[in-house]
1. Apply 1/(1 + (r/R0)^6) to the Cβ-Cβ distance of residue 6 and residue 49, taking R0 = 25 Å, and write down the FRET efficiency to the nearest 0.05.
2. Can you give the relative contact order of the stretch 3-133 as a percent, counting alpha carbon pairs under 8 Å and 6+ residues apart?
3. Hey, with R₀ at 25 Å, roughly what FRET efficiency would residue 18 and residue 69 work out to, going by the Cβ-Cβ distance, to 0.05?
4. What ranking do 99, 74 get, fewest neighbouring Cβ atoms within 10 angstrom at the top?
5. Given 10 °C and 1.306 mPa s, how large is the Stokes-Einstein diffusion coefficient of the chain in µm²/s, with Rh as the Kirkwood radius over Cα pairs?
6. Would you order 14, 41 from fewest to most other beta-carbon atoms within 10 Å of each residue's own beta-carbon?
7. Tell me what the chain gives for mean residue ellipticity at 222 nm when only DSSP H runs of n ≥ 4 count, each as -39,500 (n - 2.57), the sum divided by the residue total, rounded to 500 deg cm²/dmol.
8. What ranking do 33-39, 81-87, 1-7 get when scored by the average of other Cβ atoms within 10 Å per residue, highest first?
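No value in this document is a laboratory result; all are computed from the given coordinates. Predicted model, so just to flag it, every value in this text is computed and none were measured. Cβ placement follows ideal geometry from the backbone for every residue including glycine, while neighbour counts extend to all protein chains displayed.
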């Protein structure tokens with residue numbers, strides 16, 4: 001059974017698929033661009049792959065250069081996230097999502113973060129301002 005949540009569109013687009021949830025902020029520069037694997041020691045996603053998955057996370061960290069370049073390097077290797085659901089968007093993340101055409105949304109109800117643990121797939125439709133758990 002699917003459940004739909006309203007959200008706020010940051011960067012347009014639609015994506016569907018598997019997702020990865022991080023409790024920690026993300027520095028895209030600490031993801032191997034050739035594999036999409038987290039290499040940041042001690043991060044809750046250390047060793048996990050985010051390539052071509054929908055990324056659910058609190059926010060970004062690091063300077064604008066490492067954030068944008070990290071996402072750009074992932075994109076060059078076709079290992080960027082399909083979409084991003086972020087709790088605390090910052091200017092760098094927003095700009096990178098728009099430039100690299102990665103759908104990004106925020107402002108989901110707190111129940112979403114509990115309910116997603118039971119989901120298998122997710123649809124992010126930024127244009128309709130909806131996230132659907134499947």
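1. After rounding, the FRET efficiency stands at 0.30.
2. 38 percent
3. Step by step, r from the Cβ atoms, then E = 0.45.
4. On the way: 99 13, 74 25.
Fewest-to-most Cβ neighbours within 10 Å comes out as 99, 74.
5. My calculation gives 110 µm²/s for D.
6. Ascending number of Cβ neighbours within 10 Å: 41, 14.
7. After summing the helix terms and dividing by residue count, I get -6000 deg cm²/dmol.
8. My ranking of the peptides, most packed first, is 81-87, 33-39, 1-7.
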